Every structure is written in structure tokens, then in C-alpha cells.
């Protein structure tokens, strides 16, 4: 089946719920394509009679408010169905897209005046043109003014001497000697270093999701026996709330009436939905896949579990996202010794040139330039490998990471149920017949298992027969008539309840005889879940499904453990499934944390940090957002939830876990590069300082050593970047 046909079938609307003035459809394609979702919304709003459109991509549904008083309900549904089909073939309407977080374009124009000052000062020195000197002096005074302000601020407000004070003294001594080129060049290099440092700063601040986006914008509340729609944050505790199929639950509370399949992945990360019956406690932000329930609102608005998670997120410790300023730290330690040494030498020798040389050799300029350049090169290197790293500070932290905590569902696993095998009963239906009858029975059923079966049947290009009458029993299965035969698809309990014998399956190990995914043959049998297919009063086969591991998960975990890093598994899923995944990946069971809600995930991350570990957390969902915020380094995927991407320090744009190892390796290379640069800067300046303090050193030579070491370190910072560019060109 070609791509256009697949897109067409996935764009077909399925009616979920309707009342006069409002109708809700499920459209499978909405889940995966944000551009299609935006186009569909624009297209519908452009139609006469449509007053409002709300797209819920998590549920794969769209709610339409309309005003067609002259048409019957069936005519309205038919008309809207045709409009949605038509939208699938229209040209995309460009809307406002979320901007990708990237490095901001630095204001390179800020270097104009320092560069101009350096050039004019040099020309006035070598050409002998006297009229250039006043221009050079004026421009040098202008570029020195910010240093004067910062030095004054440090002296009078902060009561401390900083590197700006040394710079100002060196410039002043050079002024006194009539030197203009040296201070102009020093200031230019300082400005360049500061500018590069600013370009490595994180360009966007962490943004938290609006509460209404987490729990839904509205709720249906029973008043005087009738459902009334109000804003979700206006629901009063104790109210009875109705939740229809395809809608998010807006409150925390206990089910009073009804039965529904509830998808809790948004909150807990667990891929398997639960069956909520009378007495079951359900939570805001989770999704009713099928069925209808009445809930007593126990906690509403900011008191819900989802809101508590967002509050934790907002109160998470906020670190300075600019890279650590090594130059400033080193400068603080060297300021007083340098100033004292220059004063002693000046007092003894009475030579201002020698004192200026000592102040010029401050060890800091080279670090100011080379270290930001190293980080900028690392950021660009990551970007070319499909890894978005938001700041130089993140690269620093990545190099120190010794503990990595992984979410399970959607991170180590694929996050989507997949058919991994079909076992048939000898002498009865073939594998293809079992699959086609099951797909026909499960057609357009809002359940992850049904979607997995339908998707796999489509991928096999099977002719799916038409389903006639059908009845879905929540939590058990579905009965349907297909080609005049009664077909049952569901749990073993469902088939036994309907009088279908399962004796032929006793003592069978269910080998993946008809495996549809060879890469998953190594998955433990315990991991597989089963759904049974009966036809004509007899069991015909069993479909095996699972949330399989990502293909790269096993190799990545092995590589990380080989590097000496500690691996933890943290999930909202149950202990049994978490244990199976841990065994598959050889993660020690004492490092597995299951059934964890968002606040518990954050607590575990905090405990690891308090134990002295540098923690990276890898997750992709809203339920991971708090843990992401509390980790030293947070990692998510391009196809993760919006809030996870916003919080993450590292975004794997290719949605490939292998990129994490690449990011760690790049950070280690950068750390080694910084150590090399420190040696390149400190060693020559230290030797020159010894000469300046003893036998004397011409300020021009001191400047050459000082600036030469800075340039050498800067070029060394660019070496890996050039190397990788050459490798890519050769490749």
C-alpha cells in the first residue's frame, strides 16, 4: 500500500460522541502529524457553520462545535465527515510553528568599535599620521568606558577587586606610555571572548505547560440531572463529572458509575490502559479511550496530581544556564598576586613598562577566548550529529555524569504496542485468516491493542473483510459478525466466559513461529501479552503483542555500563514489567524503581544527587517532566511531549538513543580540550611572567606572548570542529 493510501485511511474520521451542537471524531493521523492537525483545524474553522474546533493529539480526536439548525444530526455527521476527508487532500495551511530552540545569533556588530580602534591605533603607530592619533585615543576611550563602569561597580558596590580592575590598570599604564595598540587589542580579544560566551548561553528559558493543557479545558458536570459544560478549573469538589470517550479526565476522583478504558500514559508512563469501574480512582490528565464514566470530583484544579507535578516543576532548582566562567574563577585567584607583584616590581625598578607587562600577563584572556570557543565547537558538533545541546554548561555537566536514569515506556521501549507473533491452532485457520478476522473485528476500536492489530494487518497488505454487527465489552473483548461468522477477540477470561475451550493451548510455550518482527525474537516470553481469537465456536489462534525495546537500547545500556556509569530504570509501570525490561537490559534489580508517579520520580533523582552522584535523566513524557527538571542533565527526544522538549538540556533530534552516547563522548572530548587549552595559556604566560619579574620583558613581547597563547588556545578549540568537517567531506 503506497504512502498516499495509508495517509488517506489514517485520515478517515470515526464518530466517537455527539450531542446537538457538538460532535467528536477520532482521526488516527492526528496523533503523529502536527502539521496535518494544524491544517485540519484551519480548514474546519474556514467552513461556514463551524463555531469552534479543539484538537486533542494525545487522544487522536477532534471536537467540532457547529450550528446547522436546518440539518438533522445524521446529516451533520455525514457533512462533517466529508469535510474532514476533503481536508486530507488539501494543501497545508502554514500556521505559526513552534520555533526550534537554537543558539541565538550573537550581536557581532558589538565588535565593530574595538576592531576599528585596534586598526586605527596600529595605523597611527606605523604610518606616523598624526591626525589618526586623536581618533585612536577617542575610540579607545569609548571602548574602555564599559571596563571603567564594571571596575567601579566592583570596587564601590561589591567591595572587591576583579579582573576588570587589572584590565583598567594595564590600559592606564599603556596610556601613560603612549601605547595604544596593546590595550586596543586586549579589549578586542576580551569582547570577542564575551561574545562567544554569550552565544553558548541557553537561548530559551524553561517554560511550563499551562494547567488547562494538562487536565483539559472543560468538564461536563451534572447539575439538576443534566450535563452542563464548564471550565475544568471551575469544577467544585464533590461534583459529579461525566467523561465521554476520547476526552481527558479533568479531575481526580472515584468512579461512581460506568466503565471505561483509561489510558494513563500521560501521567504514569504506563503503556497499557486500565479498566476503570465503580470504585476505581482515576486522575486528571488521563484519557478515556472507550466507555463512559461518572466521577466524584475529589481534587480539582491545582489540587490534582497533575497540577501538583507542574507545581513541583515550577519550584525545581533553577541553575545558571550560562556555561561556568572558568576565566572569572581563575582571575579571582590571580588578581591580588598579580597586582601585588606589579606593585613590587614598579616600586623597585620604577619601570612602568615592566609593571604593565606583568598586568598584561593575566592568564585570563586566553581562557576567555578559548574556552567559549571550545564549547561553541562542541555545540555545533552535537548539532551536526542530530543532538541539540542548549548550553556550554550542559556540556560541562555531561562530562561529569556518572549516573543515568532512564524512563521505560517510550524511552527504552518503543512506547507503542506492537504485534510480535501469531500462534495458530493446527488444522484450523491460517495465520493470515486469524489476523484478517481479528483486524476486521477490532476495526476503529479505540484501544491500543486494537490499533496494534489493525496497523499490523495493514502493513501485511491483507484484504480486511467487512464487520457487521458488533459489541464491545470494556475490559474483556469484542464480539462481531464477520462474513456471516461470529468472531470473538479478547482475553482468555472473555473466551472462557463465552464457552470457548482453551484446552488445546495447555502446556504450550508459544514460540514465535510466525514472528512478524525478527528483531524482537529475544524478548522474554513473560513480556508478551496475549489476545485470543475464536471463530465458529472454536479457538483459532493467539496474537502476541508487547511494547518492544528500542532496537538500540540493549547496545546503549551495555556501552554505558562498560564506561563505568551507573544505570537506573525509573517507570510508572508495574513492578513485573519493569523487572522484565531490566532483565533484558542487564540492569541490576536494586536499581529499578517501578510504579512511580511524577513526584516520586523527582524524589528518586534528588536522592541520587544527595548521594553525591551527577545524574542525567532520560525521558519523553509529561510524567517525566519533574524528574527532568531536577536532574543535573535532562535528556529528551524530538518526538517527546512539548514540555519534555522545553525542559530538556539535551534533545535527541533523530529520536535515536545512540545519540546519547555520542553526546557523552563529545563532552569528554571537550573536557580534555579545555585541559589542553589551560596548559597552552598558563605555561607561556607563566614563563613570560617570570622573565618580566626578574630580567624584564618588553610590553610588546608580553603582548605577543599573551595574545599569541590566546590565539593558539582558540585555534586548538576549533581543531575538533575542523577535523570532523574534513571527515564528513571525505565521507
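Observations on the structure shown:
- Estimated FRET transfer efficiency when R0 is 45 angstrom, pair residue 665-residue 425 (beta carbons, to 0.05): 0.30
- Of the residues 476, 376, 689, the one with the fewest other Cβ atoms within 10 Å heads the list, and the complete ranking is 476, 376, 689.
- Under conditions of 4 °C and 1.567 mPa s, the stretch 3-87 yields 101 µm² s⁻¹ as its translational diffusion coefficient, taking Rh as the Kirkwood radius over Cα pairs in the Stokes-Einstein equation.
- For the peptides 674-685, 75-86, the ranking by packing is 674-685, 75-86, with the highest mean count of neighbouring Cβ atoms within 10 Å listed first.
- Estimated FRET transfer efficiency when R0 is 56 angstrom, pair residue 686-residue 280 (beta carbons, to 0.05): 0.20
- Rg in Å to one decimal, and Dmax rounded to a whole Å, for the stretch 607-713 via C-alpha atoms: 22.1, 66
- Counting every other Cβ atom within 10 Å of each residue's Cβ, 504, 535, 165, 14 order from fewest to most as 504, 14, 165, 535.
- Projecting label points 7 angstrom from Cα along Cα→Cβ for residue 349 and residue 655 puts them 6.6 nm apart.
- Enclosed volume per residue, in Å³, of the convex hull spanned by Cα atoms of the stretch 624-687: 94
- Scoring 643-653, 340-350 by mean Cβ neighbours within 10 Å over their residues and listing the highest first yields 643-653, 340-350.
- Overall, the anisotropy analysis places the stretch 551-647 in the rounded class: the square-rooted eigenvalues a ≥ b ≥ c of its C-alpha gyration tensor yield a/c less than 1.5.
- For the pair residue 57 and residue 161, the difference between a 0.36 nm per residue extended length and the Cα-Cα distance amounts to 31.8 nm.
- The value of relative contact order for the stretch 3-87, using C-alpha pairs under 8 Å at least six residues apart, is 31 percent.
- Between residue 153 and residue 538, the distance separating the two model label sites (each 7 Å from Cα on the Cα→Cβ line) works out to 8.6 nm.
- Using the Cβ-Cβ distance between residue 530 and residue 498 with R0 = 25 Å, the FRET efficiency computed as 1/(1 + (r/R0)^6) comes to roughly 0.95.
- Chain lengthening between residue 484 and residue 586 when straightened (0.36 nm per residue, less Cα-Cα): 31.8 nm
- Estimated distance in nm for a label pair at residue 468 and residue 254, the labels positioned 7 Å out from Cα along Cα-to-Cβ: 4.5
- Applying 0.36 nm per residue to the separation of residue 600 and residue 231 and subtracting their alpha-carbon distance, the gain on full extension is 129.9 nm.
We did not get these values from a lab; they are worked out from the coordinates using the rules stated. Quick caveat: nothing in here was measured; it's all calculated off a predicted structure. In this analysis, Cβ positions are derived from the backbone assuming ideal geometry, glycine residues included, and neighbour counts consider all displayed protein chains.
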